[in-house]
Amino acid sequence: MKQLTLFFAFFTIFLTNAQQILPEVERARVVDEILEERFNVLLPKLMDDTGIDMWVLISREYNEDPVLRTMLPATWLNARRRTILLFYRNKEKNTIDKLAVARYNIGKSIVSAWDKEKEPDQWKRLMQLIEERNPKKIALNFSKDHNIADGLDKTDYDEFMANLPKKQHSKVQTAEQLAVRWIETRTEREMIIFDQLVDITHDIIAEAFSEKVITPGITTTTEVEWWMRQKVTDLGLETWFHPTVDIQRTSEELVSHLYSFSGRPDDLVIMPGDLLHCDFGITYLRLNTDCQELAYVLKPEETEAPSFLVNALYDGNRVQDFLTTNMIQGRTGNEILAKSLQEAKNAGLQPAIYTHPLGMYGHSAGSTIGMWDSQDGVMKDDGENYPLNPNTCYAIELNATVNIPEWNRDIRIMLEEPGFFGEDGFRYINGRQTELLLIPRVKPQQGY
């Protein structure tokens, strides 16, 4: 009977995990279904909005354009040989051609338009397709201002221009606006999935910052980092950066923001009274998360975090509120940054804001709202003049410096939560941290 009970318990856990994290074959199905919707519903609208009727993407195997990489079906882990995609939008007829100047179809939507036996030269076939459609504009992925939209390498650009008829040269322009919109725009189904991704991320952080992983006086920050990395692997997921865990405590002075990313001492032993901070994200179903959360290590006879740390977290939440309230469609990242910082300072806070787009890439394309070392605004090539668009996601990343008299020092409340900006304004994708995680969790029988 006991064995049967254990079997059903294990089976229930397996089913729960299976529903939350899909096996590879199901992931492929979901990825390809989402791609079909993006090609057939989203892309025509984006091409109309940006005024581009032809978009050409060119990549060679293992040197993929970051935009083209997001267009490959689930079974294509890389481009093949030289892969050329051509999208032609006829707005009057409400049609869109999705063609591959390649030997085979690319997924379900992009149809092969090259028979090498009939035309051995791939470039000549591409030019035939362009000439047949005679577009008003020919958009290519080169950009000074957006790195993700700058995926066309020099060799392929030179080959393209050398083969393109002279009469078509004046039509060539950057595809940066269309490329960024493709990368940053989320569909309704993607947002349903995104909530699940962030929930998984929160669950991993909650477990990492618990007595299941941390034994005060024994466990080190490095051990927690590698536990998080291993947990991701064990779940069949990936992470786009190595997790970090750092400590603020009474005996330390406030260090620069760079400390969280570089120069932290390894293997710091976690002790009672420590304020822990982590930076962690996962990759799943071609989307990425990015979260920073805080935990307090209880001292003997404590059942809650000290009020001064609770209040400090509240100050961090207030900075979040000033930022997200100012996220208004059409505003640029620098405009949002300046207004948010000023309002937070007027309220007596000491803020720093460095929020970035989030989605198909961790540091994705779109409106950049500050950088930790550029609080006066970012340069043009970091997206300064790019407006906030609806149906886009951001890592709401920032900090508030708070003086703690009880510790005789300043601390930095560093927070990061994925958020969505839609037609109805801003919302957190899966909530945000408003209470410190406690290590160990307080049990019902505890009370002093």
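The values are calculated or read from the model by the stated rules, or taken from the named source; none is laboratory data. Everything numeric here is computed off the predicted structure, so don't read it as measured data. As a convention, Cβ positions derive from the backbone with ideal geometry for all residues, glycine included, and neighbour counts pool all protein chains shown. Accessible surface is based on the protein model in full, side chains and every heavy atom, while ligands, DNA and RNA are left aside. Shrake-Rupley method; radii C 1.70, N 1.55, O 1.52, S 1.80 Å.
A few points about this structure:
- Total charge dipole magnitude, the chain, about the Cα centre, Cβ charges on Lys, Arg, Asp, Glu only, Debye to nearest 20: 1680
- Label-point separation, Gln168 to Gln375 (7 Å along Cα→Cβ), nm: 5.2
- Label-point gap, in nm, between Asn105 and Glu252 - each point 7 angstrom along Cα→Cβ: 5.6
- Extended-chain gain in nm, criterion 0.36 nm per residue less alpha-carbon gap, Lys124 and Lys443: 107.7 nm
- Amide H contacts of Asp65 (H built 1.01 Å from N, under 5 Å, at least 5 apart or other chain): Arg60
- In this structure the stretch 300-392 gives 44 Å² per residue of accessible area when probed at 1.4 Å with all protein chains present.
- Long-range amide H partners of Met371 with built H, under 5 Å: Gly377
- Rough spin-label spacing in nm, given labels placed 7 Å along Cα→Cβ, for Glu92 and Trp76: 3.1
- Ranking Phe160, Asn141, Val172 by Cα position along the charge dipole of the stretch 131-174, where only Lys, Arg, Asp and Glu carry charges on their C-beta atoms, puts Val172 farthest toward the positive end.
- The region of the chain that goes longest without hitting one of the trypsin sites (Lys or Arg not before Pro) in a DSSP loop, each with at most 11 other Cβ atoms within 10 Å, is 145-448.
- Counted over the chain, the DSSP beta bridges are approximately 85% antiparallel.
- Remark on Cys291: its backbone amide H falls under 5 Å from those of Phe280, Gly281, a criterion applied only to residues 5 or more positions apart or on other chains, H modelled at 1.01 Å from N.
- Whole-angstrom gap from the stretch 53-79 to the stretch 279-304, using each part's C-alpha centre: 34
- Checking every one of the GluC sites (Glu not before Pro) in the stretch 269-321 against DSSP loop status and a limit of 16 other Cβ atoms within 10 Å picks out Glu301, Glu302, Glu304.
- Listed by chain and number, the lysines whose alpha-carbon sits under 17 Å from that of Lys171, ignoring those within fewer than 8 places in the same chain, are Lys136, Lys137.
- Separation of the alpha carbons by more than 23 angstrom is noted, of Lys45/Lys98; Lys299/Lys443; Lys91/Lys116, for Lys91/Lys116.
- GluC sites (Glu not before Pro) within the stretch 359-430: DSSP coil, no more than 16 neighbouring Cβ in 10 Å: Glu406, Glu423
- Accessible area per residue for the stretch 180-255, computed on protein heavy atoms with a 1.4 Å probe, is 43 Å².
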